[in-house]
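To start, the structure under review is shown below, and the notes come after it.
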Amino acid sequence: MSHNRYLTIIAGAGVVSWIAWIVVLNKLDPFESTGLALGLFFVSLFFALTCTFTVAGYYFRVWLNKNEIFYSHINVALRQGILLTLIAIGCLLFQLLGVLTWWSGLLFIGAVTLVEFYFMAKEEA
């Protein structure tokens, strides 16, 4: 499959995920079904952000590196999209628990950044 087909599938999944997230926001009452509402909120937001960050990251990589192989950009963009999503959802969870401060957020970002450095070092080896 070509890289455009992968991106079309990811973008389509992103649109569906954003619609699902909006439906969850508008239709579920978090005070009636707390577990279900929060679960669907975070799952739909995870997929929506991952797809959005992946497509944006891919096109940013293509824009930066005009003469490189595009297939390697998709894998890296997907991995970094997932990691960025984990940062966003992790900070939302910290806020939900009431423990998000500027330094706990920075520590969390630093931990996820170290995970990305590990994957980058593993690719080059």
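Calculated on C-alpha atoms, the gyration radius of the range 1-74 divided by its Kirkwood radius gives an Rg/Rh of 1.16. Kirkwood analysis of the range 3-124, using all unique Cα-Cα pairs, places the hydrodynamic radius at 15.9 Å. Using alpha carbon centroids, what distance separates the range 1-71 and the range 107-125, in Å? Cα centres, the range 1-71 to the range 107-125: 22 Å. Using 0.36 nm per residue and subtracting the Cα-Cα separation, the extra length available between Y71 and Q95 on full extension is 5.0 nm.
Where a number appears in this text, it was derived from the coordinates with a stated rule and is not lab data. Every value quoted in this text rests on a predicted model; they were computed, and no experiment measured them.
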